[in-house]
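The values are calculated or read from the model by the stated rules, or taken from the named source; none is laboratory data. The model shown is predicted, which means the values in this text are computed figures rather than measured ones. Please note: Cβ atoms are built from the backbone with ideal geometry, for glycine as well, and neighbour counts cover all protein chains shown. Please note that ligands, DNA and RNA were not included when accessible areas were found on the heavy atoms of the full protein model with its side chains. Shrake-Rupley method; radii C 1.70, N 1.55, O 1.52, S 1.80 Å.
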Amino acid sequence: MSIQQLLHRGLIICFLISTLGFHACKQKEKENVKPESVEKEPEMNTSNFKLSLAQWSIHRMIRDEGLDPYKFAEKAKGWGFSGLEYVSQLYEEELKAANHSQEAMDSFVQKSKAESEKHGLENLIIMIDHEGDLSAADEAERKAAVESHFKWVDAAAALGCHSVRVNLMGSKVADEWTKASIDGLTQLSTYAKDKDINVIVENHGGFSSNAAMLVEVIKQVNLPNCGTLPDFGNFCVQREDGSYFESACIEEYDRYKGITELMPHAKAVSAKSHDFDEEGNEIHTDYSRMMGIVKDANYSGYIGVEYEGSELSEEEGILATKRLLEKLLDPTV
């Protein structure tokens, strides 16, 4: 073979080697490139939470407009909720007339359960009001209050709820309130434990809105079915006239600190709302910050919508709250 032929063949081999190397490098680069369609998952996704409706959100419809409280499930379904949180006092007219007889309580359960099943919704909580003071200073009064709550624990169990929500208002002397609250909660939680029902305390005025005090009570009770229902908006510790709800608030516990303290003991969450700006944000509570606290506590499950404002109709307020939560839970919405 001539020198010229050898040189020619060498050039061809070099060309082939360099071409194959180039394609191999391009292939390697291709393998290392992350597909454009793969994106980071949002920090909070609707798969982590479901939305329930607190019946108090429609209390004006029921009391002022004559809505049948047993239409609760139908309304909630129509607005896109999947869970129900009942309010005992919205059935008082019917139940008091029957002296809260066993027959009347059974009727409440049967009718409510039928409606929830008809609309495919989950029964979660009964919020108990007007059944006596679980943190009353007087022992006999406290015991009577505990026993008055029993029928609602039974109803919650029959409905398939996981919890009853209770209030701790009682004494306005701090040490007295703490001691009485521990006793009242212990009695009721012990009864509810055998029914597989949680007893959860809402921050709902007075010392119960002092989150540190409420947490200490829960710790002292030390029962697995006793916990909290953190409410975004109920942190007024003291009002002008000494009432729990009627006058201007003169001392308020920091709501973000409060929710942070209550969340480790939470078995439900109440997203309280009142007023919204033009962008749909609640103007009294930073919902983004609140939901960050909820997420950081590793809570998953239902977030309860509880609209309590007056500027919007109840339907408008409920839907505004729901939209805000959906936007925060899933930023792609």
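So the values come out like this:
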read-out	value
Inter-centroid distance (Cα atoms) of the stretch 121-148 relative to the stretch 55-72, Å	23
Centre separation in Å (Cα based) which lies between the stretch 176-230 and the stretch 255-333	23
Average accessible area per residue (Å²) across the stretch 199-265 - probe 1.4 Å, nucleic acids and ligands excluded	40
Around G170: net Lys/Arg minus Asp/Glu count, Cβ-Cβ under 11 Å	-2
Dipole magnitude of the stretch 137-190 about its Cα centre (Cβ charges: Lys, Arg +1; Asp, Glu -1), debye to nearest 20	200
Linear extension gain, S82 paired with E94, 0.36 nm per residue minus alpha-carbon span	1.7 nm
Proximal charge balance of N225 [Cβ under 11 Å; K/R count +1, D/E count -1]	+1
Other-chain or far-sequence residues with amide H under 5 Å of L51's (modelled H)	S82, I303
Anisotropy class of the stretch 240-333 from Cα gyration tensor, a/c 1.5 cut	oblate
At 1.002 mPa s and 20 °C, Stokes diffusion of the stretch 99-182 via Kirkwood alpha-carbon radius, µm² per second	153
Computed FRET value (nearest 0.05) for D241 with E74, which takes r as the C-beta separation and R₀ as 30 Å	0.20
Normalised contact order of the stretch 127-179, rounded percent, pairs of Cα under 8 Å and 6 or more residues apart	46
Peptides 86-98, 49-61 ordered by average Cβ neighbours within 10 Å, highest first	49-61, 86-98
Computed FRET value (nearest 0.05) for L223 with E278, which takes r as the C-beta separation and R₀ as 35 Å	0.15
Relative contact order of the stretch 94-182, defined on C-alpha pairs under 8 angstrom at six or more residues apart (%)	33
Entries in K50/K219; K143/K172; K143/K267; K118/K193; K179/K257 that, when Cα-Cα distance is taken, lie over 20 Å	K50/K219; K143/K267; K118/K193; K179/K257
Modelled FRET efficiency - R0 45 Å, A137 with E103, Cβ distances, 0.05 increments	0.85
